[in-house]
Amino acid sequence: MNCSRLLSLVCLIAASLAFTSTASAQSKTRVDLSVGIKGGAAMSAVTEVPNLTPEQWTRYGARDDVSGFFGAFGVGAAAGLALEARAWEVLGLETGFYYSQDHATGWLDKEHATSNTNLGRIYSEQETSALHIPLLLKVNAKTEMIKPFFGLGLEFVLQQDSDLSYRTDDRAVEPFEREYERRNRIEESSYTLLQITTGIEIDLGEVRIPIEVRAGYNLGWDETFNARVDPRQQDDGSYLLFYNGEYLGNFGFFTGVMYDWDLMI
């Protein structure tokens, strides 16, 4: 074999290896794995439980027809761990968990039964801590430093503990406030949100800073009295009303720090 043929054979082998390497690299998919922490302000909202029917009023020995479970809204703190896998820098799947103070304050302006004059205001305070587990499919803009994103999925809410209390500054409605305090109870509940998230990421290389807004709607929401309240008769014949503690919606403003690893698979 002369030198020209040997050179031609070497060039052919080199070209074949280069083509194979290029094809192999092109067939691989870049996957970004991210782990970090997120936290912020969590908001909760709920509508009032409807008034008692005349039959319920009589049966439960209520002072009036008001259920005592008011529409409410509140803000608390939230923080936790976030995990995300992202393909082609565009499609992502996020999960993790965060603990949230799902607190809410409601009130009722009580009126005189005959004159309709205002007697005073009664406040309710629901204090709930909950574990939130999101599972979100996300679409991310393939831009440079500022990356807008949009996500849609589910969030599972597992309430850990709940407390319900009442207060008033008006003496005329204190008998009603004491009645709600005596009769009404709250229990932990679990429910699933249809979750939407949007915002931006600040890409600093291996570190990303997300700034986002989340909004979730309770997919199993039923605003009727029978779906939200469980009346239980006590040994003395009286009734206590146990409220399931679910919220109509949970919302939040979050930020955090995410650390990236790049993989080729």
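The values are calculated or read from the model by the stated rules, or taken from the named source; none is laboratory data. Quick caveat, the model's predicted, so the values are computed rather than measured. Quick reminder, even Gly has a Cβ in these numbers, built from the backbone with ideal geometry, and neighbours come from all protein chains shown. For accessibility, only protein heavy atoms count, side chains too; no ligands or nucleic acids. Shrake-Rupley method; radii C 1.70, N 1.55, O 1.52, S 1.80 Å.
Among the residues of segment 189-204, are any among the hydrophobic types (A, V, I, L, M, F, W, C) and assigned to a loop (DSSP other than H, G, I, E, B)?
We begin by selecting, within segment 189-204, every residue among the hydrophobic types (A, V, I, L, M, F, W, C); these are 193-194, 196, 200, 202, 204.
From what's left, assigned to a loop (DSSP other than H, G, I, E, B): 204.
Within segment 189-204, one or more residues are among the hydrophobic types (A, V, I, L, M, F, W, C) and assigned to a loop (DSSP other than H, G, I, E, B).
Here is a list: 157, 173, 229. Which entry is surrounded by 15 or more Cβ atoms within 10 Å (Cβ to Cβ) and touching a Lys or Arg at 6+ places or on another chain (Cβ under 6 Å)?
Working: 157 fails: touching a Lys or Arg at 6+ places or on another chain (Cβ under 6 Å); 229 fails: touching a Lys or Arg at 6+ places or on another chain (Cβ under 6 Å).
None of the others qualify; the one that does is 173.
Please state which one of 142, 138 is in contact (Cβ under 8 Å) with a residue 12 or more places away in the chain, in contact with a strand residue (DSSP E or B) (Cβ under 8 Å, 6 or more places away or on another chain) and charged (D, E, K, R). Break it down into steps so the answer makes sense when it comes.
Details: 142 fails: in contact with a strand residue (DSSP E or B) (Cβ under 8 Å, 6 or more places away or on another chain).
Of 142, 138, the one residue that is in contact (Cβ under 8 Å) with a residue 12 or more places away in the chain, in contact with a strand residue (DSSP E or B) (Cβ under 8 Å, 6 or more places away or on another chain) and charged (D, E, K, R) is 138.
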Take the residues of segment 239-265 that are of a type in the set (Gly, Ala, Ser) and in contact with a Lys or Arg (Cβ under 7 Å, 6 or more places away or on another chain): which is nearest to residue 83 (Cα to Cα)?
256
Test each condition in (1) touching a strand residue (DSSP E or B) at 6+ places or on another chain (Cβ under 7 Å); (2) surrounded by 12 or more Cβ atoms within 10 Å (Cβ to Cβ); (3) modelled with pLDDT of 95 or more for residue 260 and report the one that comes out false.
(3)
Looking only at segment 29-53, which residues are surrounded by 15 or more Cβ atoms within 10 Å (Cβ to Cβ), hydroxyl-bearing (Ser, Thr, Tyr) and assigned to a loop (DSSP other than H, G, I, E, B)?
47
What number of residues in segment 208-265 are under 30 Å from residue 182 (Cβ atoms), among the charged types (D, E, K, R) and part of a strand (DSSP E or B)?
2
Taking first residues from segment 54-73 that are open to solvent by 50 Å² or more (accessible area, probe 1.4 Å) and second residues anywhere that are part of a loop (DSSP other than H, G, I, E, B) and among the aliphatic types (A, V, I, L, M), the pairs with Cβ under 7 Å that are 6 or more apart or on different chains are 65/52
From the set of residues in segment 65-92 that are in contact with a Lys or Arg (Cβ under 9 Å, 6 or more places away or on another chain) and among the acidic types (Asp, Glu), which is modelled with the highest pLDDT?
84
Close pairs from segment 103-123: first within 18 Å of residue 63 (Cβ to Cβ) and modelled with pLDDT under 85, partner of a type outside the set (S, T, N, Q) and assigned to a strand (DSSP E or B), Cβ under 7 Å, at least 6 apart
112/119
